[in-house]
1. Being within 20 Å of Lys72 (Cβ to Cβ) and among the polar types (S, T, N, Q) is the filter here; which residues of region 2-24 pass it?
2. Under 7 Å between Cβ atoms, at least 6 apart or on separate chains: pull out the pairs that start in region 163-175 with a residue that is farther than 15 Å from Cys153 by Cβ and end on any residue that is not in a strand (DSSP E or B).
3. When only residues in region 66-89 that are surrounded by 20 or more Cβ atoms within 10 Å (Cβ to Cβ) and not in a strand (DSSP E or B) count, which is nearest to the chain's Cα centre (by Cα)?
4. So Lys158 ticks every box in (1) over 18 Å from the mean Cα position of the chain (by Cα); (2) at pLDDT 95 or above; (3) under 20 Å from Pro97 (Cα atoms) but one. Which box is left unticked?
5. Could you check, for region 101-113, whether at least one of its residues is within 17 Å of Tyr232 (Cβ to Cβ), touching a helix residue (DSSP H, G or I) at 6+ places or on another chain (Cβ under 6 Å), touching a residue at least 60 places away in the same chain (Cβ under 8 Å) and assigned by TED's automatic domain parsing to the domain that holds Glu264?
6. Modelled with pLDDT under 95, within 30 Å of Thr101 (Cβ to Cβ) and not assigned by TED's automatic domain parsing to the domain that holds Gly126: does that describe Asn44?
7. Hey, can you tell me all the residues within region 12-29 that are loosely packed, with under 11 Cβ neighbours inside 10 Å and part of a helix (DSSP H, G or I)?
Amino acid sequence: MTSISISQLKQECTKLLSDNLKTSSREISLELNQILLFVLKINNSQLLLKRTISKAQYEKIKKFVNVRATGKPLAYIFKEWSFYGRAFYINSSMLIPRPETELIIDILKEKNILKDNVELLDLGAGSGAIGISAKLETKNKVNLHLSDISKRCVQGIKKNLQKFDMQANVYLSDWFENIPNIKFDLIISNPPYISYKDPHLNELHFEPKRALVSKNDGLADIHKIIKNSTDYLNRQGFIIIEHGYNQKDEVQEIFNRYNFNQVESYKDLLGHYRITKGLFS
(Lines give C-alpha, C1' and ligand atoms only; values in the text may rest on other atoms or scores of the structure.)
Protein backbone atom coordinates (compact mmCIF):
# COMPACT_ATOMS: atom_id res chain seq x y z
CA MET A 1 0.00 0.00 0.00
CA THR A 2 1.74 3.18 -1.21
CA SER A 3 -1.04 5.68 -0.50
CA ILE A 4 -4.11 5.99 1.70
CA SER A 5 -7.19 8.05 1.00
CA ILE A 6 -7.86 11.05 3.20
CA SER A 7 -11.49 10.00 3.59
CA GLN A 8 -10.44 6.56 4.89
CA LEU A 9 -7.99 8.15 7.31
CA LYS A 10 -10.60 10.62 8.59
CA GLN A 11 -13.11 7.82 9.11
CA GLU A 12 -10.65 5.76 11.17
CA CYS A 13 -9.40 8.68 13.22
CA THR A 14 -12.85 10.14 13.87
CA LYS A 15 -14.01 6.83 15.32
CA LEU A 16 -10.94 6.54 17.52
CA LEU A 17 -11.34 10.06 18.89
CA SER A 18 -15.11 9.72 19.32
CA ASP A 19 -14.66 6.50 21.29
CA ASN A 20 -12.14 8.06 23.67
CA LEU A 21 -12.89 11.76 24.06
CA LYS A 22 -15.89 13.42 25.66
CA THR A 23 -16.25 16.12 23.06
CA SER A 24 -18.59 17.03 20.21
CA SER A 25 -18.32 15.65 16.69
CA ARG A 26 -17.65 19.20 15.46
CA GLU A 27 -14.76 19.59 17.89
CA ILE A 28 -13.34 16.22 16.84
CA SER A 29 -13.54 17.22 13.18
CA LEU A 30 -11.75 20.52 13.88
CA GLU A 31 -9.01 18.83 15.91
CA LEU A 32 -8.47 16.16 13.26
CA ASN A 33 -8.08 18.88 10.64
CA GLN A 34 -5.53 20.61 12.90
CA ILE A 35 -3.53 17.39 13.13
CA LEU A 36 -3.62 16.92 9.35
CA LEU A 37 -2.52 20.51 8.71
CA PHE A 38 0.28 20.23 11.27
CA VAL A 39 1.67 16.92 10.02
CA LEU A 40 1.26 17.58 6.30
CA LYS A 41 2.50 21.20 6.59
CA ILE A 42 -0.22 22.51 4.28
CA ASN A 43 -3.02 25.07 4.58
CA ASN A 44 -6.79 24.58 4.60
CA SER A 45 -7.16 25.23 0.87
CA GLN A 46 -4.53 22.62 0.04
CA LEU A 47 -6.13 20.13 2.42
CA LEU A 48 -9.48 20.48 0.64
CA LEU A 49 -7.84 19.48 -2.62
CA LYS A 50 -5.80 16.62 -1.18
CA ARG A 51 -7.17 13.12 -1.81
CA THR A 52 -4.40 10.76 -0.67
CA ILE A 53 -1.40 10.65 1.65
CA SER A 54 1.67 8.44 1.83
CA LYS A 55 1.97 5.49 4.19
CA ALA A 56 4.61 7.38 6.21
CA GLN A 57 2.26 10.36 6.57
CA TYR A 58 -0.57 8.02 7.53
CA GLU A 59 1.53 6.43 10.28
CA LYS A 60 2.59 9.81 11.63
CA ILE A 61 -0.98 11.12 11.71
CA LYS A 62 -2.22 7.96 13.40
CA LYS A 63 0.51 8.35 16.03
CA PHE A 64 -0.66 11.90 16.80
CA VAL A 65 -4.30 10.79 16.92
CA ASN A 66 -3.48 7.90 19.28
CA VAL A 67 -1.83 10.32 21.69
CA ARG A 68 -4.73 12.76 21.42
CA ALA A 69 -7.12 9.88 22.20
CA THR A 70 -5.50 9.64 25.66
CA GLY A 71 -6.80 13.16 26.34
CA LYS A 72 -3.48 14.95 25.96
CA PRO A 73 -4.12 18.43 24.52
CA LEU A 74 -2.94 19.20 21.00
CA ALA A 75 -0.76 22.07 22.24
CA TYR A 76 1.39 19.63 24.21
CA ILE A 77 1.45 17.15 21.32
CA PHE A 78 2.46 19.80 18.77
CA LYS A 79 4.68 21.63 21.30
CA GLU A 80 3.25 24.86 19.93
CA TRP A 81 -0.02 26.80 20.02
CA SER A 82 -1.45 29.91 18.43
CA PHE A 83 -1.93 33.13 20.37
CA TYR A 84 -2.95 36.35 18.66
CA GLY A 85 -2.15 34.85 15.27
CA ARG A 86 1.34 33.61 16.14
CA ALA A 87 2.60 30.13 16.97
CA PHE A 88 4.33 29.98 20.36
CA TYR A 89 6.48 27.16 21.69
CA ILE A 90 4.63 25.30 24.46
CA ASN A 91 5.79 22.68 26.96
CA SER A 92 3.85 20.76 29.59
CA SER A 93 4.87 23.18 32.38
CA MET A 94 3.03 26.00 30.63
CA LEU A 95 -0.64 26.84 30.65
CA ILE A 96 -2.03 26.57 27.11
CA PRO A 97 -2.80 30.07 25.74
CA ARG A 98 -6.54 30.58 25.29
CA PRO A 99 -8.62 32.95 23.14
CA GLU A 100 -10.06 34.82 26.14
CA THR A 101 -6.54 35.87 27.17
CA GLU A 102 -6.14 37.64 23.80
CA LEU A 103 -8.56 40.22 25.20
CA ILE A 104 -5.62 41.64 27.18
CA ILE A 105 -3.87 42.56 23.92
CA ASP A 106 -7.09 44.06 22.54
CA ILE A 107 -7.41 46.26 25.65
CA LEU A 108 -3.79 47.43 25.42
CA LYS A 109 -4.34 48.45 21.80
CA GLU A 110 -7.79 50.00 22.19
CA LYS A 111 -6.84 52.02 25.29
CA ASN A 112 -3.46 53.03 23.82
CA ILE A 113 -1.71 51.92 27.01
CA LEU A 114 1.60 50.92 25.40
CA LYS A 115 3.26 54.33 25.24
CA ASP A 116 6.84 54.77 24.02
CA ASN A 117 9.55 53.48 26.40
CA VAL A 118 7.01 51.71 28.59
CA GLU A 119 8.38 49.29 31.19
CA LEU A 120 6.18 46.19 30.89
CA LEU A 121 6.20 43.20 33.26
CA ASP A 122 4.42 39.97 32.28
CA LEU A 123 4.15 38.35 35.71
CA GLY A 124 3.83 34.56 35.79
CA ALA A 125 4.31 34.62 32.04
CA GLY A 126 4.21 30.88 31.24
CA SER A 127 5.10 30.80 27.55
CA GLY A 128 5.55 34.58 27.43
CA ALA A 129 2.78 34.80 24.84
CA ILE A 130 1.03 37.81 26.41
CA GLY A 131 4.08 40.01 26.93
CA ILE A 132 5.70 39.08 23.62
CA SER A 133 2.44 39.66 21.72
CA ALA A 134 1.98 43.03 23.44
CA LYS A 135 5.42 44.14 22.26
CA LEU A 136 4.88 42.81 18.74
CA GLU A 137 1.53 44.60 18.44
CA THR A 138 2.90 48.11 18.95
CA LYS A 139 5.38 50.25 17.04
CA ASN A 140 6.39 51.97 20.28
CA LYS A 141 9.46 50.91 22.20
CA VAL A 142 8.56 48.44 24.96
CA ASN A 143 11.11 47.39 27.58
CA LEU A 144 9.83 43.89 28.23
CA HIS A 145 10.27 41.89 31.43
CA LEU A 146 8.89 38.37 31.92
CA SER A 147 8.87 36.13 34.97
CA ASP A 148 7.76 32.68 36.04
CA ILE A 149 8.21 30.38 39.03
CA SER A 150 8.95 27.38 36.75
CA LYS A 151 12.45 26.79 35.35
CA ARG A 152 10.94 25.01 32.32
CA CYS A 153 8.72 28.03 31.67
CA VAL A 154 11.70 30.37 31.87
CA GLN A 155 13.54 28.14 29.37
CA GLY A 156 10.47 28.18 27.13
CA ILE A 157 10.11 31.95 27.36
CA LYS A 158 13.70 32.28 26.14
CA LYS A 159 12.91 29.97 23.21
CA ASN A 160 9.96 32.15 22.23
CA LEU A 161 12.02 35.32 22.54
CA GLN A 162 14.60 33.77 20.24
CA LYS A 163 11.87 32.65 17.83
CA PHE A 164 10.56 36.21 17.51
CA ASP A 165 14.06 37.76 17.54
CA MET A 166 13.28 39.79 20.65
CA GLN A 167 15.23 41.05 23.63
CA ALA A 168 13.74 40.99 27.14
CA ASN A 169 14.66 40.49 30.77
CA VAL A 170 13.57 37.09 32.09
CA TYR A 171 13.36 36.23 35.80
CA LEU A 172 12.85 32.99 37.70
CA SER A 173 10.54 34.36 40.37
CA ASP A 174 7.63 33.48 42.63
CA TRP A 175 5.53 36.52 41.73
CA PHE A 176 7.56 39.58 42.81
CA GLU A 177 10.09 37.68 44.93
CA ASN A 178 13.05 37.98 42.50
CA ILE A 179 11.87 40.96 40.47
CA PRO A 180 14.43 43.80 40.50
CA ASN A 181 13.53 46.90 42.46
CA ILE A 182 12.47 48.94 39.45
CA LYS A 183 9.22 50.69 38.60
CA PHE A 184 6.93 49.45 35.84
CA ASP A 185 4.38 51.37 33.81
CA LEU A 186 2.34 48.25 33.15
CA ILE A 187 2.01 44.85 34.84
CA ILE A 188 -0.02 42.13 33.15
CA SER A 189 -0.78 38.71 34.57
CA ASN A 190 -2.86 35.61 33.92
CA PRO A 191 -2.47 34.03 37.38
CA PRO A 192 -4.01 30.86 38.84
CA TYR A 193 -7.63 31.69 39.67
CA ILE A 194 -9.50 28.36 39.84
CA SER A 195 -10.70 27.08 43.21
CA TYR A 196 -9.34 23.75 44.44
CA LYS A 197 -12.99 22.66 44.71
CA ASP A 198 -13.85 23.45 41.08
CA PRO A 199 -15.14 20.27 39.37
CA HIS A 200 -13.82 21.46 35.98
CA LEU A 201 -10.27 20.74 37.17
CA ASN A 202 -10.81 17.13 36.14
CA GLU A 203 -10.93 18.27 32.51
CA LEU A 204 -7.58 20.08 32.87
CA HIS A 205 -5.47 17.36 34.46
CA PHE A 206 -2.81 17.52 31.72
CA GLU A 207 -2.12 21.20 32.47
CA PRO A 208 0.12 22.28 35.38
CA LYS A 209 -2.02 22.55 38.51
CA ARG A 210 0.25 25.26 39.89
CA ALA A 211 -0.76 27.52 36.97
CA LEU A 212 -4.47 26.84 37.46
CA VAL A 213 -5.51 26.75 41.10
CA SER A 214 -5.30 29.18 43.98
CA LYS A 215 -6.49 29.26 47.57
CA ASN A 216 -9.34 31.41 48.89
CA ASP A 217 -11.74 30.22 46.16
CA GLY A 218 -9.19 31.06 43.48
CA LEU A 219 -8.50 34.63 44.65
CA ALA A 220 -5.34 34.26 46.80
CA ASP A 221 -2.77 34.87 44.04
CA ILE A 222 -4.77 37.69 42.48
CA HIS A 223 -4.89 39.38 45.90
CA LYS A 224 -1.13 38.91 46.38
CA ILE A 225 -0.32 40.34 42.94
CA ILE A 226 -2.52 43.43 43.28
CA LYS A 227 -1.38 44.15 46.85
CA ASN A 228 2.35 43.88 46.07
CA SER A 229 2.14 45.60 42.68
CA THR A 230 1.88 48.99 44.41
CA ASP A 231 5.59 48.68 45.30
CA TYR A 232 6.51 48.10 41.66
CA LEU A 233 4.24 50.42 39.68
CA ASN A 234 4.96 53.96 38.64
CA ARG A 235 2.25 56.49 39.45
CA GLN A 236 -0.30 56.39 36.60
CA GLY A 237 0.83 52.84 35.92
CA PHE A 238 -1.66 50.08 35.08
CA ILE A 239 -2.13 46.51 36.19
CA ILE A 240 -4.25 44.17 34.05
CA ILE A 241 -5.37 40.81 35.48
CA GLU A 242 -7.19 37.85 33.95
CA HIS A 243 -9.63 36.12 36.29
CA GLY A 244 -12.53 33.68 36.38
CA TYR A 245 -15.83 34.43 34.64
CA ASN A 246 -17.59 34.83 38.02
CA GLN A 247 -14.90 36.75 39.95
CA LYS A 248 -15.37 40.28 38.61
CA ASP A 249 -16.91 41.78 41.78
CA GLU A 250 -14.33 40.21 44.10
CA VAL A 251 -11.42 41.30 41.89
CA GLN A 252 -12.74 44.85 41.60
CA GLU A 253 -13.09 44.95 45.40
CA ILE A 254 -9.41 43.95 45.77
CA PHE A 255 -8.36 46.71 43.36
CA ASN A 256 -10.43 49.23 45.31
CA ARG A 257 -9.01 48.01 48.64
CA TYR A 258 -5.52 49.00 47.50
CA ASN A 259 -6.67 52.39 46.20
CA PHE A 260 -6.54 51.73 42.47
CA ASN A 261 -8.56 54.08 40.29
CA GLN A 262 -10.36 53.68 36.96
CA VAL A 263 -11.08 50.05 37.84
CA GLU A 264 -12.82 48.51 34.83
CA SER A 265 -13.70 44.96 33.77
CA TYR A 266 -14.03 43.66 30.23
CA LYS A 267 -16.13 40.91 28.66
CA ASP A 268 -14.83 38.11 26.46
CA LEU A 269 -16.58 36.95 23.27
CA LEU A 270 -18.98 34.83 25.33
CA GLY A 271 -20.08 37.86 27.34
CA HIS A 272 -18.21 36.92 30.54
CA TYR A 273 -16.13 39.44 32.49
CA ARG A 274 -12.62 37.97 32.28
CA ILE A 275 -10.18 40.88 32.50
CA THR A 276 -9.96 43.73 35.03
CA LYS A 277 -7.75 46.80 34.80
CA GLY A 278 -6.73 49.29 37.48
CA LEU A 279 -4.73 52.53 37.54
CA PHE A 280 -2.21 53.23 40.31
CA SER A 281 -2.38 56.96 40.99
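1. Selection gives Thr14, Ser18, Asn20, Thr23, Ser24.
2. As it stands, the answer is Phe164/Ile132; Phe164/Leu136; Met166/Ile132; Met166/Lys135, since those pairs meet every condition given.
3. Only one residue fits best here, namely Ala75.
4. (1)
5. The first filter runs over region 101-113 and keeps only residues within 17 Å of Tyr232 (Cβ to Cβ), leaving 113.
Next cut, touching a helix residue (DSSP H, G or I) at 6+ places or on another chain (Cβ under 6 Å) only: none.
Looking for residues that are within 17 Å of Tyr232 (Cβ to Cβ), touching a helix residue (DSSP H, G or I) at 6+ places or on another chain (Cβ under 6 Å), touching a residue at least 60 places away in the same chain (Cβ under 8 Å) and assigned by TED's automatic domain parsing to the domain that holds Glu264, one finds none in region 101-113, hence no.
6. When the stated conditions are applied, Asn44 passes them.
7. We begin by selecting, within region 12-29, every residue loosely packed, with under 11 Cβ neighbours inside 10 Å; these are 19, 22, 24-26.
Result: Asp19, Ser25, Arg26.
This table checks each residue for (1) within 20 Å of the chain's Cα centre (by Cα); (2) surrounded by 13 or more Cβ atoms within 10 Å (Cβ to Cβ); (3) in a loop (DSSP other than H, G, I, E, B).
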residue	(1), (2), (3)
Leu36	no, yes, no
Ala56	no, no, no
Phe64	no, yes, no
Asn91	yes, yes, yes
Met94	yes, yes, yes
Thr101	yes, yes, no
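The values are calculated or read from the model by the stated rules, or taken from the named source; none is laboratory data. It should be emphasised that the depicted structure is a prediction, and the values quoted were computed from it without experimental measurement. Backbone-built Cβ (ideal geometry, glycine too); neighbour counts: all protein chains shown.
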